[in-house]
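Chemist: Here it is, the structure, as structure tokens.
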Amino acid sequence: MDKRTFIKSAVLGVAGVFVLSFKSKLKAASLRNSWDGIYRLPVLPYSFNSLEPWFDESSLKIHYHQHHASYTKNLNDLAKSQGFKGTSAFKILRNSSKYSDLVIQQAGGYFNHNVFWRSISDKRSKPSEEFIAAIDRDFGSFDALKESFYKETGSVFGSGWTWLILDQSGKLRITSTQNNDNPAMENAQKKGMPLLCIDLWEHAYYMKNRNVRSDYVSAYWNVVSWEKVSHRYHVLKNKKSVI
Ligand code: MN
């Protein structure tokens, strides 16, 4: 497989994982062929009040209908005015050096929120055995992963995101990005495919947790969809080289 084909399949692959995690009836192949180039807010498979008491309804509504919707609109507007309509947000991030900071901010804002919504669920679930084995291998234990992730969020100054990623060598790693950057970007400090993320912008938690961001991070662990994250890991792992 040449580099170009490989990158294309990796990009389509991750898009497919997110689509499939929504149990879409459409096959990923037919969906990508039929995409009309318009970025849309994802349909959430849970209601805004179903993550209570961990995440409150008001914050989620504003987060989705105002913040994420705004990135979605801005990215569509930019795609039209700058002529990149039909390019997936993830592909833009993967080729970040070809785009302006403004486009990256909006593409990251759009894409990162999609990962965030798909990282959480109102249904409690456990990591798959395969994923647990990878966590044990790379972190020592599930608790060590949580501890490491928690510490990483504390190191983010200002707005940003903390991620669990699958890196080039197939290893699970924790990393953070500033503003709306993504670990798949060319200049990422730790590069990899996103498995889950937490939004650390104040708008994500300030209404409920005020300035105590650590309470929000603790709450997050109660709503992580390990089922979806395990599935994403399974699909990406079987692609062998993922980025
Ligand atoms: Mn946000």
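Chemist: Checking the structure you have, find out if any residue of the stretch 214-228 is free of Cβ contacts under 8 Å to residues at least 60 places away in the same chain, over 16 Å from PHE116 (Cα atoms) and in a helix (DSSP H, G or I).
Modeler: yes
Chemist: So SER100 clears everything in (1) more than 21 Å from ARG232 (Cα to Cα); (2) within 14 Å of the ligand (Cβ to nearest atom); (3) not aromatic (Phe, Trp, Tyr) except one condition, right? Which one?
Modeler: Going through (1) more than 21 Å from ARG232 (Cα to Cα); (2) within 14 Å of the ligand (Cβ to nearest atom); (3) not aromatic (Phe, Trp, Tyr) one by one, SER100 breaks only (2).
Chemist: So if I check each of SER230, SER241, which one is out of contact with any strand residue (DSSP E or B) (no Cβ under 8 Å at 6 or more places or on another chain), hydroxyl-bearing (Ser, Thr, Tyr) and at pLDDT below 95?
Modeler: None of the other options fit; the residue is SER241.
Chemist: Let me ask something else. Filter the stretch 195-212 down to residues that are surrounded by 18 or more Cβ atoms within 10 Å (Cβ to Cβ) and assigned to a helix (DSSP H, G or I) and give me whichever is nearest to the chain's Cα centre (by Cα).
Modeler: ALA204
Chemist: Which one is farthest from LYS123 (Cα to Cα), of the residues in the stretch 51-76 that are in a loop (DSSP other than H, G, I, E, B) and within 15 Å of the ligand (Cβ to nearest atom)? Give the steps one after another, and end with the answer.
Modeler: Filtering the stretch 51-76 down to residues in a loop (DSSP other than H, G, I, E, B) leaves 51-56.
Remaining after also requiring within 15 Å of the ligand (Cβ to nearest atom): 51, 55-56.
Working: LEU51: 9, PHE55: 13, ASP56: 16 Å.
Here the answer is ASP56.
Chemist: Scan the stretch 106-130 residue by residue and report those that are open to solvent by 20 Å² or more (accessible area, probe 1.4 Å) and not in a helix (DSSP H, G or I).
Modeler: Correct list: ASP122, LYS123, ARG124, SER125, LYS126, PRO127, SER128.
Chemist: Pick out the one residue from SER100, SER96, SER70 that is more than 19 Å from the chain's Cα centre (by Cα) and either closer than 22 Å to THR177 by Cα or modelled with pLDDT under 95 (or both). Write out each step before concluding.
Modeler: Values: SER96 fails: more than 19 Å from the chain's Cα centre (by Cα); SER70 fails: more than 19 Å from the chain's Cα centre (by Cα).
Only one candidate qualifies: SER100.
Chemist: Follow-up question, since we're still on this one. Name every residue in the stretch 143-166 that is closer than 18 Å to GLY192 by Cα and open to solvent by 20 Å² or more (accessible area, probe 1.4 Å), in order of residue number. Walk me through it before giving the result.
Modeler: Narrowing the stretch 143-166 to residues closer than 18 Å to GLY192 by Cα: 145, 148-149, 152-153, 160-166.
Correct list: SER148, GLU152.
Chemist: Which residue out of ALA79, ALA133 is surrounded by fewer than 17 Cβ atoms within 10 Å (Cβ to Cβ), part of a helix (DSSP H, G or I) and either touching a residue at least 60 places away in the same chain (Cβ under 8 Å) or away from the ligand (no atom under 16 Å from the Cβ) (or both)?
Modeler: On the way: ALA79 fails: surrounded by fewer than 17 Cβ atoms within 10 Å (Cβ to Cβ).
Result of the check over ALA79, ALA133: ALA133.
Chemist: Find all pairs meeting these conditions: Cβ atoms under 8 angstrom apart; at least six residues apart or on different chains; first residue within the stretch 47-58 and touching a residue at least 12 places away in the same chain (Cβ under 8 Å) and under 17 Å from TYR206 (Cβ atoms); second residue among the aliphatic types (A, V, I, L, M) and open to solvent by 60 Å² or more (accessible area, probe 1.4 Å).
Modeler: Final answer for the pair search is ASP56/MET207; SER58/MET207.
Chemist: Something else about it: Report yes if some residue within the stretch 26-41 is open to solvent by less than 20 Å² (accessible area, probe 1.4 Å) and at pLDDT 95 or above; otherwise report no. Let's see the steps before the verdict.
Modeler: Looking only at the stretch 26-41, we keep the residues that are open to solvent by less than 20 Å² (accessible area, probe 1.4 Å), and these are 37, 39.
Within this subset, residues satisfying the condition of being at pLDDT 95 or above are 37, 39.
Looking for residues that are open to solvent by less than 20 Å² (accessible area, probe 1.4 Å) and at pLDDT 95 or above, one finds at least one in the stretch 26-41, hence yes.
Chemist: Which numbered condition trips up VAL103, out of (1) in contact (Cβ under 8 Å) with a residue 40 or more places away in the chain; (2) surrounded by 17 or more Cβ atoms within 10 Å (Cβ to Cβ)?
Modeler: It is condition (1) that VAL103 fails.
Chemist: For the stretch 167-183, check the following and say yes or no: at least one residue is open to solvent by less than 20 Å² (accessible area, probe 1.4 Å), touching a Lys or Arg at 6+ places or on another chain (Cβ under 9 Å) and of a type in the set (A, V, I, L, M, F, W, C).
Modeler: Scanning the stretch 167-183, I find at least one residue that is open to solvent by less than 20 Å² (accessible area, probe 1.4 Å), touching a Lys or Arg at 6+ places or on another chain (Cβ under 9 Å) and of a type in the set (A, V, I, L, M, F, W, C), so the answer is yes.
Chemist: Here's a follow-up. Please determine, by comparing only the residues of the stretch 195-215 that are within 13 Å of the ligand (Cβ to nearest atom) and among the acidic types (Asp, Glu), which one is farthest from SER176 (Cα to Cα).
Modeler: GLU202
Chemist: Restricting to the stretch 157-194, and then to whatever is within 13 Å of the ligand (Cβ to nearest atom) and part of a loop (DSSP other than H, G, I, E, B), can you tell me which residue is nearest to SER218 (Cα to Cα)?
Modeler: It comes out as SER159.
Chemist: Taking the condition in contact (Cβ under 8 Å) with a residue 60 or more places away in the chain and over 21 Å from TYR110 (Cα atoms), does LYS239 pass?
Modeler: Values: in contact (Cβ under 8 Å) with a residue 60 or more places away in the chain: yes; over 21 Å from TYR110 (Cα atoms): yes.
Judged against the criteria, LYS239 is a match.
The values are calculated or read from the model by the stated rules, or taken from the named source; none is laboratory data. Keep in mind that what you see is a predicted model, and the values were worked out from it rather than measured. Glycine also receives a Cβ, built like all others from the backbone with ideal geometry; neighbour counts cover every protein chain displayed. SASA here: full protein model, heavy atoms, side chains in, ligands and nucleic acids out. Shrake-Rupley method; radii C 1.70, N 1.55, O 1.52, S 1.80 Å.
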